[in-house]
Structures are given as C-alpha cells and as structure tokens.
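Just below is one structure, and these are the notes that go with it.
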Amino acid sequence: MSSIGKRYARAILDLASADKSEDRVGKELTELSKMWTENANLRVVFENPQITPVQRKAVLNELVAKAAFSPVTRNLLMVLVDNLRVSDIADIARVYQTIAAERGGSVKAEVTTATALPEAYYAELTRTLESVTGKKVQIERKLDPSLIAGVVTRVGDTVFDGSLKNRLGELKDELLGV
C-alpha cells in the first residue's frame, strides 16, 4: 500500500461513511480501477500534458454522468485531477477495499499457490487465519506456477511463505554460507 493510496482511501472512506455510501463508493472505485487498467484512451487523456485540466474535467464529468457515480466519488475524481493523481486510482481502490474490510471487522488474505487447491484446503486455511487474526478472513486466490509447490499467504503486511521456491532459496543461502 502506498502512502498516497492510504491517504486518499482513508479520506474517501470517511466521507463515504458520513454519507452512508461505503459499499456504493467501493464498487465505484473498483469500476474506475478496472476502467483505468483496461482503457488506454482514458489513460492518455489524464497522462498527456498537452491536454488541459479543463479538458480533463470535461471528460471526467461526462464519465461520471454516464456511470451515475455518487457525489463522493465524483468529488474524489475532481481532486485527483487537480492533484494529477488519477493514475493512482487502482491503488486507492485497492486500499479502500482493505481499510473498509478492516473497519468492518474482517481482513483480506492473499493466498498464492503453484496449482489450484481443493476447497477443503481453503476452508481450513480460513478457519486457521480467523483464529490467528481474531477477524473474519476473506481469501483472495492467486496462482503462480513459479512457486513450484507450497503456499504463500499475505495477511496485511505479514507474509507466510511456505513455498518450495522460498525453501530452495533458503537452502541455497545456507549451503553458500550467506
């Protein structure tokens, strides 16, 4: 999480909470993040220095109107345009979801495996992580064949690396005396 993402995400979550629109704003931020990632033309508009702030805001107003975004999201976008931070929308959306979940008494765990694992494994892992953290755990699954075997679990800033790739690296360091 970047400090910029944290700052904006906390502020927008506070505003959304006051407006009782946390879920709506969260969905809108996720939608904006997806738009930003998938639409090269949108990125060009906000990253090209030849396009004036007035032109950017006109594009943004059109986007907000078509998508029927909430006033909280609209105001965030205008601030991001003014501060040349629209490119940070994906990070802000990700941090927003994390902080919103934490405030709601849950935490996200990113579980990366070399191959798909059975549902029973994820159910047991969820129970274990919930007992360790004392919070409801939402698991986000990822695949990374380079791990060879094993599991890497990230809960907040804590990483539990049980991958064969990591163990082989540790063994190599041990053998080389590093």
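Scan segment 88-110 residue by residue and report those that are among the aromatic types (Phe, Trp, Tyr) and in contact with a Lys or Arg (Cβ under 7 Å, 6 or more places away or on another chain). So that I can check it myself, show each step before the final result.
Looking only at segment 88-110, we keep the residues that are among the aromatic types (Phe, Trp, Tyr), and these are 96.
Hits for segment 88-110: nothing passes.
Which condition from (1) assigned to a helix (DSSP H, G or I); (2) of a type in the set (A, V, I, L, M); (3) in contact (Cβ under 8 Å) with a residue 40 or more places away in the chain is the one that Ala101 breaks?
Result: Ala101 passes all but (3).
Okay, residues lined up against (1) in contact with a Gly (Cβ under 9 Å, 6 or more places away or on another chain); (2) over 25 Å from Arg7 (Cβ atoms); (3) acidic (Asp, Glu):
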{"position": "Val79", "(1), (2), (3)": "no, no, no"}
{"position": "Arg85", "(1), (2), (3)": "no, no, no"}
{"position": "Asp91", "(1), (2), (3)": "yes, no, yes"}
{"position": "Gly104", "(1), (2), (3)": "no, no, no"}
{"position": "Thr115", "(1), (2), (3)": "no, yes, no"}
{"position": "Ala123", "(1), (2), (3)": "no, yes, no"}
{"position": "Thr128", "(1), (2), (3)": "no, yes, no"}
{"position": "Val132", "(1), (2), (3)": "no, yes, no"}
{"position": "Val155", "(1), (2), (3)": "no, no, no"}
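What helices (runs of 4 or more DSSP H) completely inside segment 2-47 contain at least 1 residues that are closer than 16 Å to Ser70 by Cβ and over 12 Å from the mean Cα position of the chain (by Cα)? Full working, then the answer.
Numbers: elements: 3-18, 22-38, 40-47.
Because the criterion is at least 1 residues that are closer than 16 Å to Ser70 by Cβ and over 12 Å from the mean Cα position of the chain (by Cα), the helices (runs of 4 or more DSSP H) in segment 2-47 that meet it are 3-18, 22-38.
Of these, Glu119, Glu102, which one is out of contact with any Pro (no Cβ under 9 Å at 6 or more places or on another chain), under 12 Å from Arg141 (Cα atoms) and surrounded by fewer than 17 Cβ atoms within 10 Å (Cβ to Cβ)? Walk me through it before giving the result.
Values: Glu102 fails: under 12 Å from Arg141 (Cα atoms).
After ruling out the rest, the residue left standing is Glu119.
Does segment 126-150 hold any residues that are closer than 25 Å to Gly169 by Cα and either hydrophobic (A, V, I, L, M, F, W, C) or touching a helix residue (DSSP H, G or I) at 6+ places or on another chain (Cβ under 8 Å) (or both), and which are they?
Passing the criteria: Arg141, Leu143, Ser146, Leu147, Ile148, Ala149, Gly150.
Which one is nearest to the chain's Cα centre (by Cα) among residues in segment 143-173 that are of a type in the set (Asp, Glu) and farther than 22 Å from Thr133 by Cβ? Let's see the steps before the verdict.
Looking only at segment 143-173, we keep the residues that are of a type in the set (Asp, Glu), and these are 144, 157, 161, 170, 173.
Applying the additional criterion that residues be farther than 22 Å from Thr133 by Cβ yields 144, 170, 173.
On the way: Asp144: 18, Glu170: 30, Asp173: 33 Å.
Out of the qualifying residues, it is Asp144.
If you go through segment 130-142, how many residues are more than 21 Å from the chain's Cα centre (by Cα) and not in a loop (DSSP other than H, G, I, E, B)?
Here is the first cut: in segment 130-142, the ones more than 21 Å from the chain's Cα centre (by Cα) are 131-132, 134.
In the following step, the residues that additionally are not in a loop (DSSP other than H, G, I, E, B) were identified as 131-132.
The qualifying residues number 2.
Criterion first (part of a helix (DSSP H, G or I) and either in contact with a strand residue (DSSP E or B) (Cβ under 8 Å, 6 or more places away or on another chain) or over 29 Å from Arg127 (Cβ atoms) (or both)) does Asp88 satisfy it? So that I can check it myself, show each step before the final result.
Working: part of a helix (DSSP H, G or I): yes; either in contact with a strand residue (DSSP E or B) (Cβ under 8 Å, 6 or more places away or on another chain) or over 29 Å from Arg127 (Cβ atoms) (or both): yes.
It is true that Asp88 is part of a helix (DSSP H, G or I) and either in contact with a strand residue (DSSP E or B) (Cβ under 8 Å, 6 or more places away or on another chain) or over 29 Å from Arg127 (Cβ atoms) (or both).
In segment 43-54, is there at least one residue being within 15 Å of Leu84 (Cβ to Cβ), among the hydrophobic types (A, V, I, L, M, F, W, C) and exposed (fewer than 13 other Cβ atoms within 10 Å of the Cβ)?
Looking only at segment 43-54, we keep the residues that are within 15 Å of Leu84 (Cβ to Cβ), and these are 43-54.
Applying the additional criterion that residues be among the hydrophobic types (A, V, I, L, M, F, W, C) yields 44-46, 51, 54.
Next, from what is left, pick out any that are exposed (fewer than 13 other Cβ atoms within 10 Å of the Cβ): 44, 54.
Yes, some residue in segment 43-54 is within 15 Å of Leu84 (Cβ to Cβ), among the hydrophobic types (A, V, I, L, M, F, W, C) and exposed (fewer than 13 other Cβ atoms within 10 Å of the Cβ).
Just checking, does segment 117-126 include any residue being within 20 Å of the chain's Cα centre (by Cα) and either modelled with pLDDT of 90 or more or part of a helix (DSSP H, G or I) (or both)?
First pass over segment 117-126, keeping only residues within 20 Å of the chain's Cα centre (by Cα): 126.
Cutting the leftovers down to either modelled with pLDDT of 90 or more or part of a helix (DSSP H, G or I) (or both) gives us 126.
Yes: one or more hits.
The values are calculated or read from the model by the stated rules, or taken from the named source; none is laboratory data. Here the structure is a predicted model, which means the values were calculated and not measured. Neighbour counts run over all protein chains shown; Cβ positions are idealised from the backbone, glycine included.
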